[in-house]
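To keep things clear, I will list the structure first and then write my remarks on it.
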Number of protein chains: 2
Amino acid sequence: MKKKFLASAIQQPCGDDNRQVNLDFSIAKIREAAALGSELVVLPELHLGKYFCQVEDHNFFDLAQAIPGETTDILSAIAKELNIVIVSTIFERRAAGLYHNTAVVFDKDGSIAGKYRKMHIPDDPAFYEKYYFTPGDLGFTPIQTSIGKLGILICWDQWYPEAARLMALAGADVLIYPTAIGWDKNDTKEEHACQLDAWITVQRGHAVANGLPVISCNRIGFEFAPHEQSGIDFWGNSFIVGSQGEFLAHANAIDTQILTAEIDLKRSETVRRIWPFLRDRRIDEFGNLTKRFID
Amino acid sequence: MKKKFLASAIQQPCGDDNRQVNLDFSIAKIREAAALGSELVVLPELHLGKYFCQVEDHNFFDLAQAIPGETTDILSAIAKELNIVIVSTIFERRAAGLYHNTAVVFDKDGSIAGKYRKMHIPDDPAFYEKYYFTPGDLGFTPIQTSIGKLGILICWDQWYPEAARLMALAGADVLIYPTAIGWDKNDTKEEHACQLDAWITVQRGHAVANGLPVISCNRIGFEFAPHEQSGIDFWGNSFIVGSQGEFLAHANAIDTQILTAEIDLKRSETVRRIWPFLRDRRIDEFGNLTKRFID
């Protein structure tokens, strides 16, 4: 395990209709990040195209692909060529009628180090993910790579302290959130600011509570819902924080950015000695966390 | 249960050597808060005196008292007279050699609505609480009052998302953190800022993750450790946030302040409909939260 390495989050638009155009754009940015010295590059959730979950349309299941498959073959080759770790998120076709929202981690040798299937699936107006994605069945399991154990979680997972904690307890060195989140134009500016701040705060809270760095990578750009006048304004604001939740890098809401920061795993050791939260967890009283509600 | 009420956190120094002086000061501020229309008043952790846990000294066990006892009798009378709910934290003597750090909630009729014994006990240089306090055995149980169910947690508990979640699952309407936290003068200004920000962020994160308002009440002032040149500079910064973690009130680091805000329980209902996190928790995969570490 490396004690220090540079990591990059590629904040980008993913709204082009042509999958190859989106992927080529991502690959160009991965090359730039590698040139900067990054050893870990994270792409936004479902970066191959528009966020299709704005509507329920069975034609969109055609977008799903096997893992390993066409896209993973391409990204494997890039990881190997550039000698870096890449985190991609793909609409996975596992079997007929069985699909997942799946992160794939490529190690420096181009191998697939592991997969994480999104565990918490949202369903809100314009985020109809329960229609498309079966909840993950691989658990909250960090993925071992040559640079450390990556605790990959995806978008809606980011609101769940349990998910972050389980990754930490399983030895994750860093928490990574590929995401696709944005504003509804009908909400007020105040509501927009409040939502964005809550999104950043809860993830920084996971960093603090677990003494771990967090990388959160979002897309940008406005995407119309198919056949609708409305859409989602993806709010960017990708960020990297250290193991006390301190900002190391923070993108804006509108630009393509290669957000890069040094991940210092030794700092996590120091922070956890100063604030030894793991020492004192009242596990004898945590049994009810497996209940839906205590009533 | 009231749908809306005013709540106050009394940020104050607690460093006077005379317990009665400290209590009289708190009571004067409780009266002021009641005059403002507050129906819920929260005092800092162990507000009756100096933070004695800076050293391990068996003489300090003399500071402990029974519940109910002398102090609770006084605060019961005040709660009844002013028709308000009060949250106090007391060094509880339960039996010879058995002590707790205990929050007591007084309802508007002056009755003791319930107790919460601090569950997570810290032990760091200058915070030798494991010497004084037996970990709580009343669980993470919110306390029913005439204005709602209060999820009382104390200081070190604030770093544990599990504690906040269990209170939320048990029906808490608001999370309340009496606390005594401050800076070591030997740390840098940057470290001070980072620690304070982490402390605020993780608690705001609990508000976001659970869709609940949070009231955090800290003391102020520098207190020398007995027989030592060093001490703790208690950092104040008490705050009240709404159920998306948005600031409703925020105190500074140095002044006595009656921090008051409206707690709107209906907003929690709205926020939890917009972001229905409780709906989607992967309780089938949360069993390992009762493990110390997954290895």
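The values are calculated or read from the model by the stated rules, or taken from the named source; none is laboratory data. These numbers were taken from a predicted model, which means no experiment stands behind them. As a convention, Cβ positions derive from the backbone with ideal geometry for all residues, glycine included, and neighbour counts pool all protein chains shown. Surface areas here come from the heavy atoms of the whole protein model, side chains and all, with no ligands, DNA or RNA. Shrake-Rupley method; radii C 1.70, N 1.55, O 1.52, S 1.80 Å.
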Per the filter on the range A:189-199, residues within 11 Å of another protein chain (Cβ to nearest Cβ) and surrounded by fewer than 17 Cβ atoms within 10 Å (Cβ to Cβ) are A:E190, A:E191, A:A193
Taking the range A:138-150 on its own, how many of its residues are open to solvent by less than 30 Å² (accessible area, probe 1.4 Å), hydrophobic (A, V, I, L, M, F, W, C) and free of Cβ contacts under 8 Å to residues at least 60 places away in the same chain? 2
Kindly list, by first and then second residue, each pair from a residue in the range A:6-19 that is closer than 30 Å to A:K266 by Cα and open to solvent by 30 Å² or more (accessible area, probe 1.4 Å) to a residue that is part of a strand (DSSP E or B) and polar (S, T, N, Q), limited to pairs with Cβ atoms under 9 Å and residues at least 6 apart or on different chains. A:L6/A:T260
Test: residue in the range A:167-188 that is open to solvent by 10 Å² or more (accessible area, probe 1.4 Å), more than 22 Å from A:H47 (Cβ to Cβ), of a type in the set (A, V, I, L, M, F, W, C) and more than 16 Å from the chain's Cα centre (by Cα): yes
Determine if the range B:251-266 includes at least one residue that is in contact with a Lys or Arg (Cβ under 9 Å, 6 or more places away or on another chain) and open to solvent by 70 Å² or more (accessible area, probe 1.4 Å). yes
Sort through A:G114, A:G97, A:G110 and tell me the only one that's at pLDDT 95 or above and closer than 25 Å to A:F140 by Cβ. A:G114
Which residues, counting only those in the range A:247-295, are aliphatic (A, V, I, L, M) and part of a helix (DSSP H, G or I)? A:L265, A:V271, A:I274, A:L278, A:I283, A:L289
For the range B:65-121, give me the residue count where each residue is in contact with a Ser or Thr (Cβ under 6 Å, 6 or more places away or on another chain) and of a type in the set (D, E). 2
Taking the range B:279-295 only, how many residues are more than 7 Å from chain A (Cβ to nearest Cβ) and closer than 15 Å to A:P122 by Cα? 1
Among the residues of the range B:115-124, are any within 14 Å of chain A (Cβ to nearest Cβ) and either assigned to a helix (DSSP H, G or I) or open to solvent by 40 Å² or more (accessible area, probe 1.4 Å) (or both)? yes
Can you tell me which residue is most open to solvent (accessible area, probe 1.4 Å) among those in the range B:95-114 that are more than 12 Å from the chain's Cα centre (by Cα) and closer than 25 Å to B:D57 by Cβ? B:A96
Checked A:V208, A:V271 against criteria (farther than 30 Å from A:E32 by Cβ, crowded, with 18+ Cβ neighbours inside 10 Å and more than 8 Å from chain B (Cβ to nearest Cβ)); the one match is A:V271
For residues that are closer than 23 Å to B:G205 by Cβ and among the aromatic types (F, W, Y), scanning just the range B:218-248, find the one that is surrounded by the fewest Cβ atoms within 10 Å (Cβ to Cβ). B:F247
Test for A:P135: is it within 14 Å of chain B (Cβ to nearest Cβ), closer than 27 Å to A:F234 by Cα and surrounded by fewer than 15 Cβ atoms within 10 Å (Cβ to Cβ): no
Which members of the range B:1-53 meet the condition of being among the aromatic types (F, W, Y) and touching an Asp or Glu at 6+ places or on another chain (Cβ under 8 Å)? B:F5, B:F25, B:Y51
Identify, by number, the condition in (1) open to solvent by 10 Å² or more (accessible area, probe 1.4 Å); (2) over 22 Å from B:P13 (Cβ atoms) that B:V202 doesn't meet. (1)
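Give the residues of the range B:73-82 that are surrounded by fewer than 19 Cβ atoms within 10 Å (Cβ to Cβ) and touching a residue at least 40 places away in the same chain (Cβ under 8 Å), sorted by residue number.
Within the range B:73-82, B:I74 is the sole residue that qualifies.
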Restricting attention to the range A:149-183, and to residues there that are of a type in the set (D, E, K, R) and facing another protein chain (nearest Cβ under 10 Å), which single residue is nearest to B:E162 (Cα to Cα)? A:E162
Scan (1) crowded, with 17+ Cβ neighbours inside 10 Å; (2) more than 7 Å from every other protein chain (Cβ to nearest Cβ); (3) under 17 Å from B:H120 (Cβ atoms) for the single condition A:P276 breaks and write down its number. (1)
